[in-house]
Amino acid sequence: MHYSTSMLLASLGIFTLNSCKSEPGAETAEGGYPAESVAEALYQVLKSDRKVYAQKIVNRLVKQDGVIKAHEEWASEKALLLPAQFFREGAEEVDSIDDKAIDFTYSLQSKWPLNMENAKKKTPKVIEGLAAVSDPENSLYGKKWTGEEEIGGKKFFVGIYPDRAVAPACWECHNDHENRQPEYPEFKKNDVMGGIVIRIPTN
(Lines give C-alpha, C1' and ligand atoms only; values in the text may rest on other atoms or scores of the structure.)
Protein backbone atom coordinates (compact mmCIF):
# COMPACT_ATOMS: atom_id res chain seq x y z
CA MET A 1 0.00 0.00 0.00
CA HIS A 2 2.82 2.39 0.87
CA TYR A 3 4.35 1.59 -2.52
CA SER A 4 1.26 2.81 -4.32
CA THR A 5 1.11 5.99 -2.27
CA SER A 6 4.79 6.78 -2.68
CA MET A 7 4.56 6.33 -6.42
CA LEU A 8 1.57 8.65 -6.52
CA LEU A 9 3.27 11.40 -4.56
CA ALA A 10 6.51 10.95 -6.49
CA SER A 11 4.62 11.38 -9.74
CA LEU A 12 2.99 14.55 -8.43
CA GLY A 13 6.37 15.92 -7.41
CA ILE A 14 7.87 15.20 -10.84
CA PHE A 15 4.91 16.83 -12.52
CA THR A 16 5.16 20.05 -10.53
CA LEU A 17 8.81 20.40 -11.47
CA ASN A 18 8.08 20.08 -15.17
CA SER A 19 4.60 21.59 -15.44
CA CYS A 20 3.91 23.88 -18.36
CA LYS A 21 2.27 27.25 -17.75
CA SER A 22 -1.45 27.47 -17.22
CA GLU A 23 -3.53 28.52 -20.17
CA PRO A 24 -5.37 31.83 -19.73
CA GLY A 25 -8.51 31.32 -17.69
CA ALA A 26 -7.62 27.79 -16.58
CA GLU A 27 -8.47 26.94 -12.97
CA THR A 28 -5.30 26.39 -10.97
CA ALA A 29 -4.61 24.13 -8.05
CA GLU A 30 -3.16 25.46 -4.82
CA GLY A 31 0.47 26.02 -5.75
CA GLY A 32 -0.24 27.60 -9.13
CA TYR A 33 -0.44 24.57 -11.44
CA PRO A 34 -3.38 23.91 -13.79
CA ALA A 35 -5.82 21.79 -11.80
CA GLU A 36 -6.85 19.71 -14.79
CA SER A 37 -3.22 18.93 -15.66
CA VAL A 38 -2.46 17.88 -12.09
CA ALA A 39 -5.58 15.68 -12.06
CA GLU A 40 -4.57 14.14 -15.39
CA ALA A 41 -1.14 13.23 -14.02
CA LEU A 42 -2.66 11.75 -10.88
CA TYR A 43 -5.13 9.74 -12.94
CA GLN A 44 -2.38 8.14 -15.01
CA VAL A 45 -0.66 6.91 -11.83
CA LEU A 46 -3.89 5.73 -10.19
CA LYS A 47 -5.09 3.95 -13.32
CA SER A 48 -1.74 2.22 -13.76
CA ASP A 49 -1.52 1.08 -10.14
CA ARG A 50 -5.09 -0.22 -10.27
CA LYS A 51 -4.42 -2.14 -13.48
CA VAL A 52 -1.20 -3.69 -12.19
CA TYR A 53 -2.81 -4.83 -8.93
CA ALA A 54 -5.86 -6.31 -10.68
CA GLN A 55 -3.96 -8.06 -13.48
CA LYS A 56 -0.56 -9.01 -12.07
CA ILE A 57 -1.43 -9.64 -8.44
CA VAL A 58 -5.09 -10.58 -7.95
CA ASN A 59 -5.79 -12.14 -11.33
CA ARG A 60 -2.47 -14.02 -11.43
CA LEU A 61 -2.42 -15.29 -7.84
CA VAL A 62 -6.14 -15.99 -7.52
CA LYS A 63 -7.41 -16.85 -11.00
CA GLN A 64 -4.32 -18.30 -12.69
CA ASP A 65 -2.15 -19.81 -9.95
CA GLY A 66 -4.82 -20.38 -7.31
CA VAL A 67 -2.41 -19.84 -4.42
CA ILE A 68 -4.55 -17.38 -2.45
CA LYS A 69 -8.03 -15.88 -2.54
CA ALA A 70 -9.21 -12.28 -2.60
CA HIS A 71 -11.91 -11.47 -0.09
CA GLU A 72 -13.75 -8.47 1.37
CA GLU A 73 -12.82 -9.69 4.86
CA TRP A 74 -9.20 -9.90 3.76
CA ALA A 75 -7.63 -9.55 7.22
CA SER A 76 -9.60 -12.30 8.97
CA GLU A 77 -9.57 -14.51 5.87
CA LYS A 78 -5.82 -14.04 5.33
CA ALA A 79 -6.61 -13.04 1.77
CA LEU A 80 -5.77 -10.36 -0.75
CA LEU A 81 -7.71 -7.14 -0.77
CA LEU A 82 -10.20 -6.84 -3.59
CA PRO A 83 -9.04 -4.35 -6.24
CA ALA A 84 -11.56 -1.71 -5.12
CA GLN A 85 -10.46 -2.14 -1.49
CA PHE A 86 -6.81 -1.75 -2.45
CA PHE A 87 -7.70 1.48 -4.23
CA ARG A 88 -9.67 2.79 -1.24
CA GLU A 89 -6.86 1.94 1.19
CA GLY A 90 -4.49 4.00 -0.93
CA ALA A 91 -6.92 6.92 -0.98
CA GLU A 92 -7.26 6.81 2.80
CA GLU A 93 -3.48 6.69 3.18
CA VAL A 94 -3.15 9.83 1.05
CA ASP A 95 -5.92 11.53 3.05
CA SER A 96 -3.91 10.94 6.23
CA ILE A 97 -0.92 12.94 4.96
CA ASP A 98 -0.96 16.42 6.48
CA ASP A 99 1.74 18.13 4.43
CA LYS A 100 0.77 17.33 0.83
CA ALA A 101 1.98 19.90 -1.70
CA ILE A 102 -1.59 20.00 -3.03
CA ASP A 103 -4.51 18.97 -0.82
CA PHE A 104 -6.10 16.64 -3.37
CA THR A 105 -8.43 13.71 -2.73
CA TYR A 106 -9.48 10.80 -4.89
CA SER A 107 -12.02 8.00 -4.73
CA LEU A 108 -13.58 5.24 -6.79
CA GLN A 109 -17.28 5.77 -7.48
CA SER A 110 -19.90 4.12 -9.68
CA LYS A 111 -23.46 4.47 -10.93
CA TRP A 112 -23.78 0.85 -9.79
CA PRO A 113 -22.25 0.83 -6.29
CA LEU A 114 -21.66 -2.25 -4.17
CA ASN A 115 -20.44 -0.32 -1.13
CA MET A 116 -23.47 1.75 -0.18
CA GLU A 117 -21.60 3.76 2.47
CA ASN A 118 -19.08 4.84 -0.15
CA ALA A 119 -21.92 5.72 -2.52
CA LYS A 120 -23.29 8.25 -0.02
CA LYS A 121 -20.24 10.44 -0.66
CA LYS A 122 -21.39 11.29 -4.19
CA THR A 123 -22.16 14.99 -4.70
CA PRO A 124 -24.52 16.24 -7.45
CA LYS A 125 -21.52 17.04 -9.65
CA VAL A 126 -20.07 13.57 -9.19
CA ILE A 127 -23.42 12.01 -10.04
CA GLU A 128 -23.54 14.13 -13.20
CA GLY A 129 -20.01 13.20 -14.20
CA LEU A 130 -20.46 9.49 -13.56
CA ALA A 131 -23.58 9.49 -15.70
CA ALA A 132 -21.61 11.04 -18.56
CA VAL A 133 -18.55 8.76 -18.54
CA SER A 134 -20.58 5.58 -17.87
CA ASP A 135 -23.33 5.94 -20.48
CA PRO A 136 -22.44 4.36 -23.86
CA GLU A 137 -24.84 6.77 -25.56
CA ASN A 138 -23.11 9.84 -24.11
CA SER A 139 -20.38 11.55 -26.13
CA LEU A 140 -18.15 11.44 -23.02
CA TYR A 141 -18.45 7.68 -22.55
CA GLY A 142 -15.04 6.32 -21.66
CA LYS A 143 -13.58 9.83 -21.59
CA LYS A 144 -12.97 12.35 -18.83
CA TRP A 145 -15.58 14.69 -17.40
CA THR A 146 -14.55 17.89 -15.61
CA GLY A 147 -16.44 20.43 -13.56
CA GLU A 148 -16.32 22.67 -10.52
CA GLU A 149 -18.10 22.50 -7.19
CA GLU A 150 -18.11 24.29 -3.86
CA ILE A 151 -17.96 22.38 -0.59
CA GLY A 152 -17.91 24.14 2.76
CA GLY A 153 -17.25 27.48 1.10
CA LYS A 154 -14.20 26.17 -0.78
CA LYS A 155 -14.02 25.76 -4.54
CA PHE A 156 -12.79 22.55 -6.14
CA PHE A 157 -11.92 21.27 -9.57
CA VAL A 158 -13.54 17.87 -10.06
CA GLY A 159 -12.29 15.42 -12.65
CA ILE A 160 -14.01 12.10 -13.28
CA TYR A 161 -12.08 9.57 -15.34
CA PRO A 162 -13.34 6.20 -16.61
CA ASP A 163 -12.61 3.12 -14.54
CA ARG A 164 -12.59 0.18 -16.94
CA ALA A 165 -12.83 -3.54 -16.31
CA VAL A 166 -9.23 -4.57 -16.97
CA ALA A 167 -9.23 -8.08 -15.46
CA PRO A 168 -11.71 -10.83 -14.56
CA ALA A 169 -11.00 -10.02 -10.91
CA CYS A 170 -12.78 -6.71 -11.49
CA TRP A 171 -15.90 -7.62 -13.42
CA GLU A 172 -16.50 -11.07 -11.92
CA CYS A 173 -16.39 -9.65 -8.41
CA HIS A 174 -18.94 -6.99 -9.34
CA ASN A 175 -21.20 -9.31 -11.31
CA ASP A 176 -21.27 -11.96 -8.55
CA HIS A 177 -21.42 -9.68 -5.51
CA GLU A 178 -24.27 -10.11 -3.03
CA ASN A 179 -24.95 -6.35 -3.06
CA ARG A 180 -25.38 -6.26 -6.83
CA GLN A 181 -28.83 -4.94 -7.75
CA PRO A 182 -31.00 -6.60 -10.46
CA GLU A 183 -30.83 -3.52 -12.68
CA TYR A 184 -27.02 -3.43 -12.70
CA PRO A 185 -25.37 -4.36 -16.02
CA GLU A 186 -23.34 -7.54 -16.49
CA PHE A 187 -19.85 -6.18 -16.95
CA LYS A 188 -17.28 -7.62 -19.31
CA LYS A 189 -13.73 -6.75 -20.33
CA ASN A 190 -13.09 -3.06 -21.04
CA ASP A 191 -16.55 -1.91 -19.92
CA VAL A 192 -16.67 1.33 -17.92
CA MET A 193 -17.63 0.19 -14.43
CA GLY A 194 -17.43 3.59 -12.78
CA GLY A 195 -15.15 6.55 -12.40
CA ILE A 196 -12.02 7.68 -10.59
CA VAL A 197 -13.00 10.96 -8.95
CA ILE A 198 -10.18 13.45 -8.35
CA ARG A 199 -10.92 16.63 -6.42
CA ILE A 200 -8.41 19.51 -6.22
CA PRO A 201 -8.84 22.87 -4.43
CA THR A 202 -8.57 25.87 -6.75
CA ASN A 203 -7.59 29.50 -6.13
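The values are calculated or read from the model by the stated rules, or taken from the named source; none is laboratory data. Just so it is clear, the structure is predicted and the values come from calculations on it, not from any experiment. With ideal geometry, Cβ positions are generated from the backbone for all residues, glycine too; neighbour counts draw on all protein chains shown.
Laid out as a table, the results:
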quantity	calculated
Residue within the range 82-104 that is outside any helix (DSSP H, G or I) and closer than 23 Å to residue 187 by Cα present	yes
Candidate set from the range 42-81 (those that are outside any loop (DSSP other than H, G, I, E, B) and of a type in the set (D, E, K, R)); member that is modelled with the lowest pLDDT	63
Residue in the range 124-142 that is of a type in the set (A, V, I, L, M), within 18 Å of residue 43 (Cβ to Cβ) and part of a strand (DSSP E or B) present	no
Scan of the range 168-186 for residues that are part of a helix (DSSP H, G or I) and surrounded by 12 or more Cβ atoms within 10 Å (Cβ to Cβ), ordered by number	168, 169, 170, 171, 172, 173, 174, 175
Test result for residue 47, in contact (Cβ under 8 Å) with a residue 60 or more places away in the chain and closer than 17 Å to residue 172 by Cα	no
Count of the range 67-87 residues which are crowded, with 19+ Cβ neighbours inside 10 Å and either within 18 Å of residue 118 (Cβ to Cβ) or in contact with a Cys (Cβ under 8 Å, 6 or more places away or on another chain) (or both)	7
Extreme residue, nearest to residue 38 (Cα to Cα), among residues of the range 66-93 that are in contact (Cβ under 8 Å) with a residue 12 or more places away in the chain and in contact with a strand residue (DSSP E or B) (Cβ under 7 Å, 6 or more places away or on another chain)	91
Selection count where residues are over 17 Å from residue 171 (Cβ atoms) and of a type in the set (Phe, Trp, Tyr), scope the range 64-99	1
Pairs, first without any contact (Cβ under 8 Å) to a residue 40 or more places away in the chain in the range 174-185, second surrounded by 15 or more Cβ atoms within 10 Å (Cβ to Cβ) and part of a loop (DSSP other than H, G, I, E, B), C-beta under 7 Å, six or more apart	175/187
Residue match in the range 108-116 (condition: more than 16 Å from the chain's Cα centre (by Cα) and farther than 20 Å from residue 193 by Cβ)	no
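For every residue, the table says whether it meets (1) among the small types (Gly, Ala, Ser); (2) touching an Asp or Glu at 6+ places or on another chain (Cβ under 6 Å).
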| position | (1), (2) |
| --- | --- |
| 143 | no, no |
| 159 | yes, no |
| 163 | no, no |
| 172 | no, no |
| 202 | no, yes |
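Yes or no, residue by residue, for (1) of a type in the set (Asp, Glu); (2) touching a strand residue (DSSP E or B) at 6+ places or on another chain (Cβ under 6 Å); (3) under 15 Å from residue 107 (Cβ atoms):
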site: 135; (1), (2), (3): yes, no, no
site: 145; (1), (2), (3): no, yes, yes
site: 161; (1), (2), (3): no, yes, yes
site: 179; (1), (2), (3): no, no, no
site: 185; (1), (2), (3): no, no, no
site: 192; (1), (2), (3): no, yes, no
site: 197; (1), (2), (3): no, yes, yes
